[in-house]
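These notes concern the structure reproduced below.
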Amino acid sequence: MSELVLLEMDEGIATLTINRPEVMNALNNDTLLALRRHLAALDGDPRARVVILTGAGEKAFVAGGDIAGMRDFGPLQAREMAQLAQDVLNGIERCAKPVIAAVNGYALGGGCELAMACDLRIAGDKARFGQPEVNLGIIPGWAGTQRLARLVGKGRALELLFSGEMIDAQEAWRIGLVNRVVPQDQLLAETRKFAQVIAGKGQVAVRLCKEAVVNGLEMDSRRAALYEAELFGLCFATNDQKEGMKAFLEKRKAKFQDC
C-alpha cells in the first residue's frame, strides 16, 4: 500500500503531497491522521522553513471528503470525522511554519476547506474551487463556512454555499480566495520560488507575523493591536533583529540565524 501523504524536503522547503490520485485525493480518516502526523513533525523540525501542501496527479488538489466512506455514517460518526478534520486544519493554522497550498486541480468541499486553512493559496490556472455540500444534502463540517466568510466576505460565501457551484481559478483570485494564479505547468515551480522568498527571511519574524494575524483575528481590534505590540517587542530580544537592522544600515543583505 502506498503512503497516503508523501514528504519531500529540499533546501528548507517541505512538500507534503496527498497521495490518493485514484480517488482524486479524497480525504478519509487515515489520510487526515497521516497529514496530522507529518504536520506535527514538521512543526518542530528546524530543517523546514516553509511547507507546501499539494495533491498527487494532474486532476485534483483534494476533491473533497471520501463520500464512499461517509455515506453510511450515523450522526456520531459524522461529528467525530468533522472534529478530526477540524483538528488537522486547525493544526495547519497553529503550525509555526508558513503553509502554502499549491492547488493543482479540483479543490472541492473538504479540499477547499483544507486549502483555506493554509496561510497562502497559489492556484494553477486549471484549478476549480467550491463548497458543493448542499448538493449532497449536507453542509461543510470542517469549518468551511467560517473560513470562507472570513476570506471572501459574507455575501460571496453564502452565494457559494447556497449554490454549491464551482468557480475557476481567476474568479477565486478576483474574490480573494487565492493569492495568485499561475500557469498549471509552472505551479510547483512558482510555489517553490515564492516559498524560497519566505525561507530567506528571518524565521522568528515570519512566525510572529503568523501568530499576530491568526490569533489577532480572534480578538477585538484594540486587544489585537496590543498583542501585536507585545510580539513587536519580543523581536528586539532576538539576534535576527540585531542582524537585520545592522545589515540595513550597512546596506547589505542580512544573514539571519533564526534566533
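Derivation of every value follows stated rules applied to the coordinates shown; laboratory data play no part. Every value quoted in this text rests on a predicted model; they were computed, and no experiment measured them. With ideal geometry, Cβ positions are generated from the backbone for all residues, glycine too; neighbour counts draw on all protein chains shown.
Kirkwood's formula applied to the C-alpha pairs of the stretch 203-249 gives a hydrodynamic radius of 11.3 angstrom.
Highest mobility in the GNM of the chain, judged by mean-square fluctuation with C-alpha springs under 10 Å and restricted to GLU80, GLU218, GLU165, is found for GLU218.
Among the lysines of the chain, pairs that are 8 or more positions apart or on different chains and have alpha carbons within less than 18 Å of each other number 15.
Under the simplified labelling scheme, the ASP30-GLU211 pair shows an inter-label distance of 3.8 nm, with each label point 7 Å from Cα along Cα→Cβ. Once the Cα atoms are used to define both axes, helix 203-216 deviates from the longest principal axis of the chain by about 50 degrees.
For ASP220 and LYS246, a Förster radius of 30 Å and the Cβ-Cβ distance give a FRET efficiency of 0.25, rounded to the nearest 0.05. Just tell me the longest site-free run in the chain, where the sites are chymotrypsin sites (Phe, Trp or Tyr not before Pro) in a DSSP loop having at most 16 other beta-carbon atoms within 10 Å. Segment 74-235 is the longest. Looking at the stretch 64-168, the trypsin sites (Lys or Arg not before Pro) that sit in a DSSP loop and have at most 12 other Cβ atoms within 10 Å of their own Cβ are ARG71. When the chain is treated as a Gaussian network with alpha carbon springs shorter than 10 Å, the biggest mean-square fluctuation among VAL206, VAL182, VAL197 belongs to VAL197. Pair-distance distribution P(r) for the stretch 5-199, from all Cα-Cα distances in 5 Å bins starting at 0: 1, 8, 18, 22, 22, 16, 8, 3, 1, 0 percent. Compute the long axis of helix 154-163 from its Cα atoms, compare it with the longest principal axis of the Cα atoms of the chain, and write down the angle in degrees, 0 to 90, nearest 10. Computed tilt is about 30 degrees.
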